[in-house]
Structure formats: structure tokens, C-alpha cells
Amino acid sequence: MTTHSHTHDDHHGHDHHGHGGHEAAHGSFKSYMVGFVLSVILTAIPFWLVMADVFDSKSATVAAVMILGAIQIVVHMIYFLHMNTKSEGGWIMMAAIFTIVLVVICLTGSLWVMHHLNANMMPMSPEMMKNMP
């Protein structure tokens, strides 16, 4: 009887390993820490670029901040949302592509709106600003 139980335990253990592959996609403490450290670095660099006025050109600063922001989105998708090409039969990748398209639309739309708001603002001299209520 113990042999049967032992065989049953091995079979149960085998099933458990099959579920272990699914649980492995949830990430470990190490992967969360790598994602956290990368997120902190990718937040600190743009902050430093803006506060230290590293680039002479504002458009270079904006481009660098946006590129680092896009990299940070990818880091979050990989390390915290556990998106890869093998998960959920490829549907996760479709969601990732949809997310990337939405981010590109939002970023380019925001820059377009901000550029046109800045271009269409009325120029004000310091004397005009003194007379403002």
C-alpha cells in the first residue's frame, strides 16, 4: 500500500510541477527588485536631465525624457505585468502591441497639443504682465 501511495505522491508531485510552470510567470522577489531598481533609475535620470539642464536644446531634453519614459513602460510590462510572447497563447503580446500603439498616440498627441498651445499663445511683455489683475 505504501508503494501505491508513493506512486500517487510522485504523480501528484508531477502535476504540481506542471502548475509550477504557470506560477513561475508571476515572478520572483529578485525579478521584482530588478524591475524596481530599473524603474527608480529610469525615473531619476529624466529628473536629473531636467533639473540640471543637461542639454542646451529643450527638444533634446523632451526627446530624452520621452525615450526613457517609453523604456520604463517596457520595464513595467516585463517585470511587473509579466508580459512575454509565450503567455496566454500570444494574447498578452497583442495586448502589449495595443498598449504601445495607445502610448504612441497619447505621447504624440500630447506633444502636438502642447506645441500648438505654445505657438498660439499671445506674446506678453513684462509691462503687460504687470497690468494683469
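Every read-out reported here was derived from the displayed coordinates using simple, explicitly stated rules and does not represent laboratory data. Keep in mind that what you see is a predicted model, and the values were worked out from it rather than measured. With ideal geometry, Cβ positions are generated from the backbone for all residues, glycine too; neighbour counts draw on all protein chains shown.
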Low-density loop chymotrypsin sites (Phe, Trp or Tyr not before Pro), region 74-111, at most 15 other Cβ within 10 Å, DSSP non-H/G/I/E/B, are F80
Karplus-derived 3J(HN,Hα) from phi for region 95-108 (6.51 cos²θ - 1.76 cosθ + 1.60, θ = phi - 60°), whole Hz, x at Gly and Pro, runs 5, 5, 5, 4, 4, 5, 4, 5, 5, 4, 4, 5, 5, 5
Going residue by residue through region 124-130, the Karplus relation 6.51 cos²θ - 1.76 cosθ + 1.60 with θ = phi - 60° gives ³J(HN,Hα) values, rounded to whole Hz and with x marking Gly or Pro, of 10, 8, x, 5, 5, 5, 5
Least to most buried among M132, M94, M83, by other C-beta atoms within 10 Å and fewest first, runs M132, M94, M83
Low-density loop trypsin sites (Lys or Arg not before Pro), region 29-133, at most 14 other Cβ within 10 Å, DSSP non-H/G/I/E/B, are K86
